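Have a look at the structure below, then the notes.
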Amino acid sequence: MNVRKILPIVLLAACLIVTACGGGNQPSSGGGGGGSDSNGPSTQSTESGGGSSSGAGKKIVLGFSQVGAESGWRTANTESIKEAAAAAGIELKFSDAQQKQENQIKAIRSFIQQKVDVIAFSPVVESGWETVLREAKEAGIPVILTDRAIDSDDESLYVTFIGSDFVEEGRRAGRWLLEQFKDATEPVNIVELQGTTGSAPAIDRKAGFEEVIRENPNLRIIASQTGDFTRAKGKEVMQSFLQAHKDIDVLYAHNDDMGLGAIQAIEAAGLVPGKDIIIITVDAIRDGMQAAAEGKINFIVECNPLLGPQLMEAVIAVVEGREVPKRIVTEEGAFTSEEAKAALPYRKY
Ligand code: GZL
């Protein structure tokens with residue numbers, strides 16, 4: 001068989017095979033592009049070659065407004081979104097709001113002006129979004145909520161909400177504590193470090209926890225205050241709790257970072273975290289899991305930050321006009337100290 005005759009057929013077949021296996025969303029050879037400030041306190045555009053298109057070969061452009069960089073969870077969430085956008089070949093316009101709602105609103109308006117294909121964001125608080133989301137709707141730009149929800153009744157303002165069930169996370173924390181103190185005959189004094197005031201995780205983690213511990217009247221929250229999800233504020237508020245109350249038995253912190261800050265305050269007060277004061281936190285980031293493995297955190301509820309791949313799948317589906325469920329709940333678990341020690345080597349964040 002003359003090789004010259006079959007070469008064109010082989011090349012054509014090879015092209016067909018590559019196209020069939022590659023699909024529209026395969027990682028391209030290009031790496032992430034450079035950043036450029038287009039608006040807001042810190043906005044950058046990153047893109048990679050090839051990948052997903054919004055028709056006529058044009059690359060999908062996603063505008064994403066992130067809450068900030070307040071915690072280890074947020075850092076892991078941002079990394080997941082940037083990596084998943086690059087892998088999907090989606091051009092990402094990323095804005096960090098530094099935990100200010102007005103910065104998120106400004107970024108969303110900028111994305112509308114830039115006529116991005118899709119807008120996604122993690123709402124720093126639940127309320128105050130309807131005006132700007134109506135502007136996105138009037139501009140014909142679909143909106144995806146990730147991580148945190150909004151309290152609007154108008155579900156037409158967003159296509160889907162991808163994130164955890166924070167009420168269930170609070171219930172998980174409550175159920176473990178209920179079991180630990182099921183035979184308690186004396187009051188069990190709990191102090192609570194709440195997340196950012198008005199945010200969905202702070203509201204819902206509190207609600208879920210209280211719903212469960214209500215079953216045992218000995219379990220009582222004697223102090224509750226926001227630590228804004230940060231390590232520094234968590235330490236500061238725990239110091240004030242320790243000064244005001246000499247009989248604290250349990251700390252329930254809405255995230256690991258506040259719990260880790262509180263541990264510094266507890267140790268500075270000459271107490272042993274995990275023994276003198278039982279500690280429950282939420283997130284299960286690496287530093288939290290390390291503290292749990294050391295017995296300083298007794299129970300840690302997981303809140304999965306790796307939402308990037310699910311977000312990009314939803315973005316592509318929306319652009320391609322495919323149906324997307326209104327609610328996509330992320331899978332997650334919880335760890336005792338022993339379980340955290342065993343899981344730590346395999347954790348991605
Ligand atoms: C939860 C996320 C919360 C984390 C905190 O999905 O919104 O915000 O629990 C983060 O660590 O700051």
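Laid out as a table, the results:
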{"quantity": "Test result for Asp257, open to solvent by 30 Å² or more (accessible area, probe 1.4 Å), touching a Gly at 6+ places or on another chain (Cβ under 7 Å) and within 16 Å of the ligand (Cβ to nearest atom)", "calculated": "no"}
{"quantity": "Close pairs from segment 136-160: first over 13 Å from Ile119 (Cβ atoms), partner modelled with pLDDT under 95 and part of a helix (DSSP H, G or I), Cβ under 8 Å, at least 6 apart", "calculated": "none"}
{"quantity": "Residue check, Pro305 part of a loop (DSSP other than H, G, I, E, B), crowded, with 23+ Cβ neighbours inside 10 Å and not hydrophobic (A, V, I, L, M, F, W, C)", "calculated": "yes"}
{"quantity": "Failed item in (1) open to solvent by less than 10 Å² (accessible area, probe 1.4 Å); (2) within 16 Å of the ligand (Cβ to nearest atom); (3) touching a residue at least 40 places away in the same chain (Cβ under 8 Å), with Ile279 passing the rest", "calculated": "(3)"}
{"quantity": "Matching residues in segment 59-78 - criterion: being touching a Lys or Arg at 6+ places or on another chain (Cβ under 8 Å) and either away from the ligand (no atom under 11 Å from the Cβ) or over 28 Å from Ala253 (Cα atoms) (or both)", "calculated": "Val61, Leu62, Gly63, Phe64"}
{"quantity": "Search result, residues across segment 329-349 that are in a loop (DSSP other than H, G, I, E, B) and modelled with pLDDT under 90", "calculated": "Thr330, Glu331, Arg347, Lys348, Tyr349"}
{"quantity": "Qualifying residue in segment 294-311 (condition: of a type in the set (A, V, I, L, M), more than 28 Å from Arg220 (Cβ to Cβ) and away from the ligand (no atom under 16 Å from the Cβ))", "calculated": "no"}
{"quantity": "Test: Glu126 is at pLDDT 95 or above, surrounded by fewer than 22 Cβ atoms within 10 Å (Cβ to Cβ) and farther than 22 Å from Arg327 by Cβ", "calculated": "no"}
{"quantity": "Qualifying positions in segment 168-218 - of a type in the set (Val, Ile, Thr) and in contact with a strand residue (DSSP E or B) (Cβ under 6 Å, 6 or more places away or on another chain)", "calculated": "Val188, Ile190, Val191, Thr197, Ile213"}
{"quantity": "Complete set of residues in segment 95-104 that are part of a strand (DSSP E or B) and open to solvent by less than 10 Å² (accessible area, probe 1.4 Å)", "calculated": "Ser95"}
{"quantity": "Selection from segment 195-252 of residues that are of a type in the set (Asp, Glu) and either in contact (Cβ under 8 Å) with a residue 40 or more places away in the chain or more than 16 Å from the ligand (Cβ to nearest atom) (or both)", "calculated": "Glu210, Glu211, Glu215, Asp228, Glu236, Asp247, Asp249"}
{"quantity": "Flag if Arg286 is within 30 Å of Leu62 (Cβ to Cβ), open to solvent by less than 40 Å² (accessible area, probe 1.4 Å) and in contact with a Lys or Arg (Cβ under 8 Å, 6 or more places away or on another chain)", "calculated": "no"}
{"quantity": "Lone qualifier among Ala107, Ala136 - being out of contact with any helix residue (DSSP H, G or I) (no Cβ under 9 Å at 6 or more places or on another chain), in a helix (DSSP H, G or I) and either aromatic (Phe, Trp, Tyr) or away from the ligand (no atom under 16 Å from the Cβ) (or both)", "calculated": "Ala107"}
{"quantity": "Leading residue by the ranking (nearest to the ligand (Cβ to nearest atom)) among those in segment 146-167 that are of a type outside the set (S, T, N, Q) and assigned to a strand (DSSP E or B)", "calculated": "Gly163"}
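Matching residues to (1) in the same structural domain as Lys59 (by TED's automatic domain parsing); (2) open to solvent by 40 Å² or more (accessible area, probe 1.4 Å); (3) out of contact with any Ser or Thr (no Cβ under 7 Å at 6 or more places or on another chain); (4) over 13 Å from Gly63 (Cβ atoms):
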| site | (1), (2), (3), (4) |
| --- | --- |
| Ile112 | yes, no, yes, no |
| Glu130 | yes, yes, no, yes |
| Asp147 | yes, no, no, yes |
| Glu155 | yes, yes, yes, yes |
| Gly170 | no, no, yes, yes |
| Ala173 | no, no, yes, yes |
| Gln180 | no, yes, yes, yes |
| Ala184 | no, no, yes, yes |
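The values are calculated or read from the model by the stated rules, or taken from the named source; none is laboratory data. Since the model is a prediction, treat every value here as computed from it, not as a measurement. Heads up, the Cβs are rebuilt from the backbone with ideal geometry, glycines too, and the neighbour counts pull from every protein chain shown. For accessibility, only protein heavy atoms count, side chains too; no ligands or nucleic acids. Shrake-Rupley method; radii C 1.70, N 1.55, O 1.52, S 1.80 Å.
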